[in-house]
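We did not get these values from a lab; they are worked out from the coordinates using the rules stated. The structure displayed is predicted, hence computed values, not measured ones. Note that each Cβ is placed from the backbone with ideal geometry, even for glycine, and that neighbours are counted across all protein chains shown.
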């Protein structure tokens, strides 16, 4: 079972560090709430009731396990390898994000917090949060950059339907990082009543480890499905990395399988030769933002740069600290894919397989197509199809000159 | 003894309460910063707090966020902030200057180079909003070598046991954050602050300053009754930001600082 208290030799350490990364870099007001959350989470890991509730919710509400599907036409079109898709797009609310919000909602109940806040980029985490809040009957505010509100309208409307208040954020780059700043300001102000559901493996300890544990259901299932359906472990795992929760969820249960190659795909935007990308691991430096020490896009004065990606969910200047650690140790390789390559993969999967992927997941698909060209026949690549693309149809149509 | 210790000793010996005033470096213009520091010191500020602009000021309310944005548009960085302190030091060797900001610009410069630069510029203390003492060991020892105080924050949510730890690891003074919220918020509760400051003073000999949400001479006086010093930031920043011309802005903050000081003295 993937939800268990970790041993002393497992990362992060007791203070939330993955080597030099991670930790807790927050205003003093938040420290006691983070201590409380850590304590409640650790207690929950020892509580069979909590694990049973989580498991039941994932099965009956989210619809897990999600299938592992072999995309034969797509694979044949792009190269030689066999390509399998871990279908997180089929989860309730259309992405992997709900795995985490289900878990954190259970913790919020345990803490007696009746108000939930979240930040969102593509709106998938906002929808997943509004969904669990509706189920709890909790008040819910989702912070979203005004630029993202513009490009992800269907999800904004969905959150409102679910009873959440969507708060537009107009500061800075008007995207995910600014939404996170604003959510932290809200949390500091309403700390007694409010639980902040961070949507990725980012932020201060215990969020990176807690979100990883909840998302590890992806990799646990995938590992079993590979053995059962293919009779072997995959040769490579590919997942997109914004904050990095779908990637770590897939990778974590395979970390000790040393023959399984892992590739995290960052948003290369308009290309790594430009400044218009969102790839801190590939083109950034270590620093501190949003509660953790990790790779960031920042200038030489330490000011945070505005990232760029066609995908709102990847449009973030930081990354989860465990990815920073996995990059430095070399266990995971991090590559980039441009906006244009992601769009091609978006269209190709739709045409070949009848599956419209999220633009975020399309980055992983695009890298898999490049990799497949260089593979041997019968090599097995698993791509995490972290979300579905309904939310992106309007933006893609606009690029095609079509107004929906 | 550095300027902060000298200042708090002077205040203690004369039975006076301190006034700490905050502005952001480079706001509304870089040229305004040194004159603004001068006016605040002349009008009675005992300690000057200078905000280092940052792109993601996650603990600040709207006023200081906007001031940070204005300063960034003016190209003001940590280095330029230190330059302003150095210029101010040519005319004022007495009034302590404390930098307040976020960790990343300091990391980008490097801890040791930063400590050297800050020390040479005449900086006396440092407040880093997103650096709890658990993560501060290295910076603290670097700062100790150049006699710069690392000033720690205590929040309304900080439990008593933790206050004891903070009191032993901080230096210069302790900064009690008077509200659960961001800078410049609106829900200050004086009796609540009084209780908390009293419990802090039981476990430390360091001076206790109180800030966040103190906007008027009346509120400053009420807080001064229970604390060693009062920090006023957002209200000054708003005054600077709303003036139409630099001369008016300087006159306004001079007048406002005097009013705060008078009110604190009369308390």
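Shape class for chain B: rounded, because the ratio a/c of the largest to smallest gyration tensor axis (alpha-carbon atoms, square roots of eigenvalues) is under 1.5. Please find, in a Gaussian network model of chain B (springs between Cα atoms separated by less than 10 Å), the residue of B:89, B:145, B:66 whose mean-square fluctuation is greatest. Fluctuation is largest for B:145.
Only helical DSSP H runs with n ≥ 4 go in: add -39500 (n - 2.57) per run for chain B, normalise by residue count and round the 222 nm mean residue ellipticity to 500 deg cm²/dmol.
Details: 12 runs with 135 residues, N = 267.
Result for chain B, helices only: -15500 deg cm²/dmol.
For the peptides A:3-10, B:149-156, the ranking by mean Cβ contacts within 10 Å, running from highest to lowest, is B:149-156, A:3-10.
What ranking of B:100, A:272, B:1 emerges when the number of other C-beta atoms within 10 Å of each C-beta is taken as an exposure proxy, fewest first?
Details: B:100 25, A:272 15, B:1 8.
Going from least to most buried by this count: B:1, A:272, B:100.
Based on the inverse mean of 1/r over its pairs of different Cα atoms, what is the Kirkwood hydrodynamic radius of the range B:33-116, in Å?
On the way: mean 1/r = 0.0733 Å⁻¹.
It is 13.6 Å.
Arrange B:142, A:337 by Cβ neighbour counts within 10 Å, fewest through most, would you? Provide the component values of the computation, followed by the final result.
Details: B:142 18, A:337 27.
Going from sparsest to densest Cβ surroundings: B:142, A:337.
List the relative contact order of chain B as a percent without decimals, with contacts defined as Cα pairs under 8 Å and 6+ residues apart. Relative contact order of chain B: 23 percent.
Give me the distance between the Cα centres of the range B:241-267 and the range A:122-190, rounded to whole Å. Here the two parts' Cα centres lie 39 Å apart. With bins 5 Å wide beginning at 0, the percent of Cα pairs of the range B:199-267 falling in each bin runs 3, 17, 24, 20, 16, 10, 5, 3, 2, 0.
Considering only A:66, A:361, A:171, the mean-square fluctuation computed in a Gaussian network model of chain A, springs between alpha carbons under 10 angstrom, is largest for A:171.
Per residue, the average separation of C-alpha pairs within less than 8 Å and at least 6 apart gives the range A:137-256 a relative contact order of 20 percent. Remark: mean inter-chain Cβ contacts per residue of A:291-304 equal 5, using a 10 Å Cβ-Cβ cutoff to other protein chain atoms.
Shown here is the pair-distance distribution of the range B:24-66: with all Cα-Cα distances grouped in 5 Å bins from zero up to the longest one, the shares run 5, 21, 26, 22, 18, 7, 1 percent. Rounded to the nearest Å, what's the spacing between the alpha carbon centres of the range B:193-218 and the range B:117-188? Just the number, please. The range B:193-218 and the range B:117-188 have Cα centres spaced 14 Å from each other.
Over chain A, DSSP H runs of length four or greater, each weighted -39,500 (n - 2.57), average out per residue to a 222 nm ellipticity of -12500 deg cm²/dmol. With only the Cα atoms considered, chain A has a convex hull volume of 129 Å³ per residue.
Among the residues of B:49-59, the average count of other protein chain beta-carbon atoms within 10 Å of the residue beta-carbon is 6.
Just checking the output field for A:113-126: average partner chain Cβ neighbours within 10 Å of each residue's Cβ?
Details: counts 0, 0, 0, 0, 0, 0, 0, 0, 0, 0, 0, 0, 0, 0.
Taking all residues of A:113-126 together, the mean is 0.
Put simply, the Cα atoms of the range A:84-174 extend 39, 35, 23 Å along their principal axes, the longest span coming first.
Note on the range A:53-101 and the range B:11-44: Cα centroid distance 59 Å, given to the nearest whole angstrom.
Based on C-alpha pairs under 8 angstrom that are at least 6 apart in sequence, the range B:76-179 has a relative contact order of 24 percent.
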